Amino acid sequence: YVAPEYANSGLLNEKSDVYSYGVLLLEAITGRDPVDYNRSAAEVNLVDWLKMMVGNKHAEEVVDPNIETRPSTSALKRVLLTALRCVD
């Protein structure tokens, strides 16, 4: 994944690394790509979609259905909070 700042400027920094780490966490928990044009307009951007889902109290619905053992609610909250702080 490439952070938007890097794509625009070509310069890497700590902030872009943190953002990329957050996106990586979101990819791992959701099983989705950062950008997927095969989805509806509201779901194309993973970060925006996830913020919407969490804001609407649908965090449990973002977990990849292919994960064999679902994370506990507290573990899911911790990873989502960490990821959202990284991409904020």
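If you filter the range 21-30 down to residues that are surrounded by 15 or more Cβ atoms within 10 Å (Cβ to Cβ) and either touching a residue at least 60 places away in the same chain (Cβ under 8 Å) or among the aliphatic types (A, V, I, L, M) (or both), you find that the one that is nearest to M52 (Cα to Cα) is L26.
Here is a yes/no grid of residues against (1) touching a Leu at 6+ places or on another chain (Cβ under 8 Å); (2) at pLDDT 95 or above; (3) among the hydroxyl-bearing types (S, T, Y); (4) farther than 20 Å from P4 by Cα:
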residue	(1), (2), (3), (4)
R32	yes, yes, no, no
Y37	no, yes, yes, no
L46	yes, yes, no, no
L50	yes, yes, no, no
A59	yes, no, no, yes
D64	no, yes, no, yes
T69	no, no, yes, yes
T73	no, no, yes, yes
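Go through the range 31-81 and count every residue that is hydrophobic (A, V, I, L, M, F, W, C), assigned to a loop (DSSP other than H, G, I, E, B) and touching a residue at least 12 places away in the same chain (Cβ under 8 Å). Explain how you work it out, then say what you get.
Here is the first cut: in the range 31-81, the residues hydrophobic (A, V, I, L, M, F, W, C) are 35, 41-42, 44, 46-47, 49-50, 52-54, 59, 62-63, 67, 75-76, 79-81.
Still in the running and assigned to a loop (DSSP other than H, G, I, E, B): 44, 63, 67.
Adding the requirement that they be touching a residue at least 12 places away in the same chain (Cβ under 8 Å) leaves 63, 67.
Looking only at that region, the number is 2.
Among all residues of the range 44-53, there is at least one that is closer than 21 Å to T82 by Cβ and touching a Lys or Arg at 6+ places or on another chain (Cβ under 6 Å).
Yes/no matrix, rows are residues, columns are (1) touching a helix residue (DSSP H, G or I) at 6+ places or on another chain (Cβ under 7 Å); (2) farther than 29 Å from T69 by Cβ:
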site	(1), (2)
N13	no, yes
S20	no, no
L24	no, no
T30	yes, no
Y37	no, yes
A41	no, yes
V47	yes, no
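The values are calculated or read from the model by the stated rules, or taken from the named source; none is laboratory data. Owing to the predicted nature of the structure, the values given are computational and were not obtained by experimental measurement. Every residue, glycine as well, gets a Cβ built from its backbone with ideal geometry; the counts of neighbours run over all protein chains shown.
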